[in-house]
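All remarks here apply to the structure that follows.
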Amino acid sequence: ELGNLMQLTTLFLWNNTLSGTIPSELGKLTQMMDLELNNNQLNGTLPRDLGNLMQLATLYLHNNTLTGEIPSEIGKLTQLTKLDLSFNQLNGIAPSELNLLPNLQFIIVSGNNKLSGNLTFLCENGNHSVYTNDTIANASCLCCNIDYFEIIW
């Protein structure tokens, strides 16, 4: 059982043609620092339990067929530096909790045409990159020069 691997810190399962949903048991892996499940055929919604991965620095879930909203629990991942949710079928409004992630260096949400909202970062280091599409109304940083952002239309 995947949820019993309590000391697991890295899980790279990209490009494996995995299908089905992301197991909520991943939320039990509280030592996880890098989770990369990109380039598979995963579907369903993002488990809210991912918000329990307080050590997580990298979350790559791009190029799957994930649906639903980005759970606000992602905003609890204060160690998160890289978030790539691009090219799924995510929808709804990007949760405002994403704006409060203090260590986030880049976020990619492009290719989710039904995702909308505003992204405004309270950055401390000025090294943010946001990759989005025209359904995100605004992407800005309260302390960075807007040139740090690359908006993908």
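Name the pairs: first residue in segment 14-30 and basic (Lys, Arg), second residue open to solvent by 50 Å² or more (accessible area, probe 1.4 Å) and part of a loop (DSSP other than H, G, I, E, B), Cβ to Cβ under 8 Å, at least 6 apart or on different chains?
28/6
Just name the residue that is most open to solvent (accessible area, probe 1.4 Å) out of those in segment 89-108 that are in contact with a Gly (Cβ under 7 Å, 6 or more places away or on another chain) and not in a strand (DSSP E or B).
Only one residue fits best here, namely 100.
What are the residue pairs meeting all of these: first residue in segment 43-56, first residue small (Gly, Ala, Ser), second residue open to solvent by 80 Å² or more (accessible area, probe 1.4 Å), Cβ atoms under 6 Å, and 6 or more apart or on different chains?
44/21; 51/76
From the set of residues in segment 50-88 that are in contact with a strand residue (DSSP E or B) (Cβ under 7 Å, 6 or more places away or on another chain) and open to solvent by 40 Å² or more (accessible area, probe 1.4 Å), which is nearest to residue 6 (Cα to Cα)?
60
Within segment 29-42, work out how many residues are open to solvent by 30 Å² or more (accessible area, probe 1.4 Å), closer than 19 Å to residue 80 by Cβ and either in a loop (DSSP other than H, G, I, E, B) or modelled with pLDDT under 95 (or both).
The total comes to 3.
Can we say residue 115 is modelled with pLDDT of 80 or more and touching a strand residue (DSSP E or B) at 6+ places or on another chain (Cβ under 6 Å)?
Taking the combined requirement at face value, the residue satisfies it.
The values are calculated or read from the model by the stated rules, or taken from the named source; none is laboratory data. Just so it is clear, the model here is predicted, and its values are computed rather than measured. Here Cβ is always computed from backbone atoms with ideal geometry, including for glycine, and neighbour counts include all displayed protein chains. With ligands, DNA and RNA removed, areas are computed over all heavy atoms of the protein, side chains included. Shrake-Rupley method; radii C 1.70, N 1.55, O 1.52, S 1.80 Å.
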